[in-house]
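Q: Submitted below is the structure of interest, expressed as structure tokens.
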Amino acid sequence: MSTSTQSKPYKIYNQSCYGLEGISDDSIDAIITDPPYGIGFQAHEWDKALPERQIWKDCYRVLKPGGYALVFSSIRLMHHLMLDLEKSGFRIKDVLMWAFLNGMPKSRDVGLDIDKELEVESTKVGTYNYVQGYKKGGADNYYAGKKKYRYEPASEEGKYYQGWGMGIKPCYEPIIMVQKPLPNGVNVAQNMLEHGTGALNLEDTRMPYEEGEGKVGHNPHSKGRVTGNVLRTFPFKDGYDKFFLVPKVRQHAEEYNYHPTKKPVELMEHLIKLITHEKSTVLDPFTGSGSTGVACVYLHRSFVGYEMDKGYSEIAKNRLLAAYKGGKQQDMF
Ligand SMILES: C[S@@+](CC[C@H](N)C(=O)[O-])C[C@H]1O[C@@H](n2cnc3c(N)ncnc32)[C@H](O)[C@@H]1O
């Protein structure tokens, strides 16, 4: 097994996570991970299929009794993942919704498809700049500014169905919250005393009240309301925001990090705070570019990660080292 770091509060293994080689039974406090969604995102090989159920059995093995796991998923395949988690022994506790406004709709104009079907040439009505994400290899490979034609349907039938499409804009990602059950006959207090797991850290994840707001409820807490299962990017138009707000990372936001599905560190920090405390060790079997690990370093939690891709694991190692050396102030991520 090749480890990148010694005597630091984190380890990243550049190898497959299956088996979680090197991790003892009942030794991990929390798992926070963003596995392949199985939707073939941007044709990446590693996203072609959901992980095998085996990895969730491995996760169950290493998690302490009462420990929580937060697993990102896609809307389309979360039911498979939930079943895999349940069949591996976990209890489904909740599904958090990370809402954002900058998801990409996967659609096209059916009116144009109808033109094609009828062998009618659609009408060119202008051009637009095509921008699609960031590609391995640096700024030169950024697909910016490619000109593409804009078309409108020309056939009568195509015009009738102009603007019909194939899917709505994705505005949230589900995060499945599961727990390894407490041993028979052990209550939460006993488990917390024995392992430090079994409950949620609601204290450190409270959402502050708006200044001057009359506190509602029969027992308002001075630090704010209990965090909800909706985490969202932008305030909706319903007054001030009572939810945790965090934007999606744009693919070209970090030129040194070409991972196509990196998660915002701020979001990971919130999730880490929710299911751990400072003595906890967090596992991410699908580390990618290391956002979970960076957030752990910031929050003084120990971290163990697995990433099978050499390039991504190098990015993760560099990001964690920079966070570890520089602290948050000097952080550029
Ligand atoms: C959705 S990405 C994680 C992105 C990460 N959250 C971030 O912020 O960069 C999933 C990652 O899992 C990795 N992966 C897929 N199968 C794996 C396996 N069996 N073992 C370890 N890593 C794997 C992929 O290479 C990919 O980088």
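The values are calculated or read from the model by the stated rules, or taken from the named source; none is laboratory data. Source: prediction; values computed, not measured. Counting neighbours? That spans all protein chains shown, and the Cβs are built from the backbone with ideal geometry, glycine included. What goes into the accessible areas is simple: the full protein's heavy atoms, side chains included, and nothing from ligands, DNA or RNA. Shrake-Rupley method; radii C 1.70, N 1.55, O 1.52, S 1.80 Å.
Q: Quick check on this structure: which one of LYS325, LYS317 is of a type outside the set (A, V, I, L, M), without any contact (Cβ under 8 Å) to a residue 24 or more places away in the chain and more than 10 Å from the ligand (Cβ to nearest atom)?
A: LYS325
Q: Take the residues in segment 262-290 that are within 16 Å of ALA69 (Cα to Cα) and among the polar types (S, T, N, Q); name whichever of them is nearest to the ligand (Cβ to nearest atom).
A: Of everything passing the filter in segment 262-290, THR287 is nearest to the ligand (Cβ to nearest atom).
Q: Here's a follow-up. Do we find that ALA43 is over 26 Å from LEU274 (Cα atoms) and assigned by TED's automatic domain parsing to the domain that holds VAL71 in this structure?
A: yes
Q: Among all residue pairs at least 6 apart or on different chains, which show Cβ distances below 7 Å where the first residue, located in segment 70-81, is over 18 Å from CYS171 (Cβ atoms) and open to solvent by less than 40 Å² (accessible area, probe 1.4 Å) and the second is at pLDDT 95 or above and assigned to a helix (DSSP H, G or I)?
A: Once the first residue is over 18 Å from CYS171 (Cβ atoms) and open to solvent by less than 40 Å² (accessible area, probe 1.4 Å) and sits in segment 70-81, its partners that are at pLDDT 95 or above and assigned to a helix (DSSP H, G or I) give LEU70/LEU271; LEU70/ILE275; VAL71/LEU81; VAL71/LEU85.
Q: Confirm whether TRP98 is in contact with a Leu (Cβ under 6 Å, 6 or more places away or on another chain), within 14 Å of the ligand (Cβ to nearest atom) and without any contact (Cβ under 8 Å) to a residue 40 or more places away in the chain.
A: When the stated conditions are applied, TRP98 does not pass them.
Q: Working only within segment 271-312, note down all residues that are in a loop (DSSP other than H, G, I, E, B) and of a type in the set (Lys, Arg).
A: If the condition is that a residue be in a loop (DSSP other than H, G, I, E, B) and of a type in the set (Lys, Arg), then LYS279, ARG301 are the ones that fit.
Q: Quick one: which strands (runs of 3 or more DSSP E) sit completely within segment 1-83 and have at least 2 residues that are closer than 24 Å to LEU96 by Cβ, modelled with pLDDT of 90 or more and within 10 Å of the ligand (Cβ to nearest atom)?
A: Strands (runs of 3 or more DSSP E) meeting the threshold: 28-33.
Q: Let me ask something additional. Would you check which residues across segment 299-314 are more than 14 Å from the ligand (Cβ to nearest atom) and open to solvent by 20 Å² or more (accessible area, probe 1.4 Å) and list them?
A: The answer is LEU299, HIS300, SER302.
Conditions (1) closer than 30 Å to SER107 by Cα; (2) open to solvent by 80 Å² or more (accessible area, probe 1.4 Å), marked per residue:
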| position | (1), (2) |
| --- | --- |
| GLN162 | yes, yes |
| LYS169 | yes, yes |
| GLU173 | yes, no |
| ILE176 | yes, no |
| GLN179 | no, no |
| GLN190 | no, yes |
| HIS195 | no, no |
| ALA199 | no, no |
| MET207 | no, no |
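Q: Being polar (S, T, N, Q) and within 15 Å of ASN318 (Cα to Cα) is the filter; apply it to segment 252-292 and report the residue that is modelled with the lowest pLDDT.
A: So the residue we want is ASN257.
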